[in-house]
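J.: Sharing a structure below in structure tokens format, with a few things to ask.
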Ligand code: FAD
């Protein structure tokens, strides 16, 4: 008999908490990955960069297992059906996995759990994706935090000597199920084609983290770590990164705490992808203006910092955090378009798309979420440009026609748009 270890957003062997737990038990461990057809079917682009990224990482993971005399079994389909097959193929004693806090994943895991239980198979979870999960860091009365600063203080106070423990999975590698390599399906078997988007390297950029305070807000340089996609899919360990951050740069550690914060919020507010966390914000009457929405998506608003950001996103699947805040504010305030439209567009385009941080970021920008900026604080895209890209390096890279007659006129006038947003938010909220 075997135990299965189900990889999801933890595409690595070393320092993997759930895999370590599985390997520490007595039964040989067979690792599995499932390309979930119910997720893939919803993707609009056949060259989706996330699918290519996962596929590439699965190839790497599989060959790493093969160097250890084992192999990764890769399946494609509806997870419940895949588990029906797996129980036919193997004499399965238990299934181990790392917990995932997204609403869809929790529903899926519930049904898998019920199915396995009926078949007398244990389903055992571990914490690996975050430092603190669920209600590990909450207010004294047990309520979840809605504001970041007190959350981050409590988070730091809650650290234990083993919070950043590195799980020595390789020491237990002999407990892997020894087998000949399995065959790997092709991307085209799932109806996808490779993406041409470049993927950031998987390494700790030590210098960047050390100089992060000075460089993090300048979009024209690589002043941030670009590790978001790797954290999303667990190709690096959050514990190892947080430990490094703690030793090197507190500002950087604070960003990793934002990530835990939003995971915690999504866990406690599973409907927040669709509804405002501060519910009265759902009374705001949004504009319905397709022309404005299209101009925003295409980076043709006539506001150079907004346009540069959207074009960076469309071309590379990445956008600098400072510019994410500016374009999100522009959509929800200057254009008065529903934040959910922006959230969905980002979800389609971002290589590092991650539901918790994306919904958190969008609700923050629109004022409806946790720790939100008050609605009357509206980013001025011109002064943001002056402050963060004064020499227009970033703008010129992404909007080469800026300054020529082919660059569009502003689609709204800042002062008027600001007044309109203030009026509309005020009347929605009262
Ligand atoms: P660094 O500055 O090097 O930060 C290191 C890591 O800390 C990041 O990789 C990320 O995991 C975490 N982090 C940093 N800032 C934040 C933040 N504000 N919230 C949560 N985690 C953070 N991040 C995503 O990973 N996926 C998303 O879908 C996403 N959508 C966003 C939408 C909006 C509207 C906004 C304002 C922000 C969004 N962010 C999202 C957060 C942030 O912009 C990115 O994490 C960051 O730009 C990624 O670049 P980096 O890895 O170089 O970040």
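Readers should treat all values here as calculations from the given coordinates under stated rules, not as data from a laboratory. As the structure is a prediction and not an experimental result, all values here were calculated from the model. Cβ sites come from the backbone with ideal geometry, for glycine too, and all protein chains shown count toward neighbours.
J.: In angstroms, what radius of gyration and Dmax does the chain have, counting Cα atoms only?
T.: Cα-based Rg and Dmax for the chain come out at 22.8, 71 Å.
J.: Over the chain, with a Gaussian network built from C-alpha contacts below 10 Å, which listed residue (157, 328, 105) shows the highest mean-square fluctuation?
T.: Top of the fluctuation ranking is 157.
J.: Find the centroid of the Cα atoms in the range 377-429 and in the range 127-151, then give the distance between the two in whole Å.
T.: Distance between centres, Cα-based: 36 Å.
J.: I would also like to ask the following. When the helices in the chain are scored as -39500 (n - 2.57) per DSSP H run of 4 or longer and the sum is shared across all residues, what 222 nm value do you end up with, to the nearest 500 deg cm²/dmol? All intermediate terms of the calculation are to be shown ahead of the outcome.
T.: Values: 19 runs with 197 residues, N = 430.
Mean residue ellipticity at 222 nm (helix-derived): -13500 deg cm²/dmol.
J.: So how many Å³ per residue does the convex hull of the Cα atoms of the range 238-288 work out to?
T.: Values: hull volume 5.9 nm³, N = 51.
For the range 238-288, the hull spanned by Cα atoms encloses 116 Å³ per residue.
J.: On to the next question. How far apart, in nm, are the 7 Å Cα→Cβ label points at residue 279 and residue 202?
T.: My value for the distance between the label points is 4.4 nm.
J.: For the range 197-326, what class follows from the C-alpha gyration tensor (a ≥ b ≥ c being the square roots of its eigenvalues): rounded when a/c is under 1.5, otherwise prolate if a/b is larger than b/c, else oblate? Let's see the in-between values first.
T.: Working: a/c = 2.19, a/b = 1.34, b/c = 1.64.
Oblate, since a/c reaches 1.5 and b/c is not below a/b.
J.: Based on the alpha-carbon gyration tensor of the range 1-128 and its eigenvalue square roots a ≥ b ≥ c, which shape applies: rounded if a/c is under 1.5, prolate if not and a/b is larger than b/c, or oblate? Walk me through the numbers before you get to the answer.
T.: On the way: a/c = 1.59, a/b = 1.17, b/c = 1.36.
Here the range 1-128 falls in the oblate category.
J.: Right, next: Quick check: Cα centre of the range 193-221 to Cα centre of the range 76-105, how many Å?
T.: 34 Å
J.: If you take the Cα atoms of the range 120-273, find Rg, then find the Kirkwood Rh from the mean of 1/r over all pairs, what is Rg/Rh?
T.: On the Cα set of the range 120-273, Rg over Rh gives 1.02.
J.: Compute the normalised compactness of the range 279-429: alpha-carbon radius of gyration over 2.2 N^0.38 Å, N being the residue count. List each step's numbers first, then the result.
T.: On the way: Rg = 14.5 Å, N = 151, 2.2 N^0.38 = 14.8 Å.
Scaled against compact globular proteins, the figure is 0.98.
J.: Decide, for the range 175-247, between rounded, prolate and oblate: order the square roots of the alpha carbon gyration tensor eigenvalues as a ≥ b ≥ c, take rounded if a/c falls under 1.5, and otherwise choose prolate if a/b is larger than b/c, else oblate.
T.: Cα axes put the range 175-247 in the oblate bin.
J.: Still on this structure, please answer the following. Quote the FRET efficiency, to the nearest 0.05, computed for residue 189 versus residue 348 with a Förster distance R0 of 25 Å and r equal to the Cβ-Cβ distance.
T.: Values: r = 23 Å, r/R0 = 0.92.
With R0 = 25 Å, the Cβ-Cβ based efficiency is 0.60.
J.: Given a 10 angstrom Cα cut-off, can you work out which residue in 290, 66, 315 is the most mobile in a GNM of the chain?
T.: Of 290, 66, 315, the Gaussian network model singles out 290 as fluctuating most.
J.: Here's a follow-up. I want to verify a result. In a Gaussian network model of the chain, Cα cutoff 10 Å, which of these has the top mean-square fluctuation: 56, 226, 12?
T.: 56
J.: For Cα pairs less than 8 Å apart in space and 6+ apart in sequence, what is the mean separation divided by the residue count of the range 1-128, i.e. the relative contact order in percent? Let's see the in-between values first.
T.: Working: 174 pairs, mean separation 46.6, N = 128.
Value for the range 1-128: 36 percent.
J.: Quote to one decimal, in nm, the extra length available between residue 93 and residue 321 on full extension: 0.36 nm per residue of separation minus the C-alpha distance between them. Intermediate results must be reported in sequence, preceding the final value.
T.: Numbers: separation 228, 0.36 × 228 = 82.08 nm, distance 4.48 nm.
77.6 nm is the gain from fully extending residue 93 to residue 321.
J.: Still on this structure, I have one more. Return one number: the angle in degrees, 0 to 90 and rounded to the nearest 10, between the long axis of the Cα atoms of helix 250-268 and the longest principal axis of the Cα atoms of the chain.
T.: For helix 250-268, the angle is close to 80 degrees.
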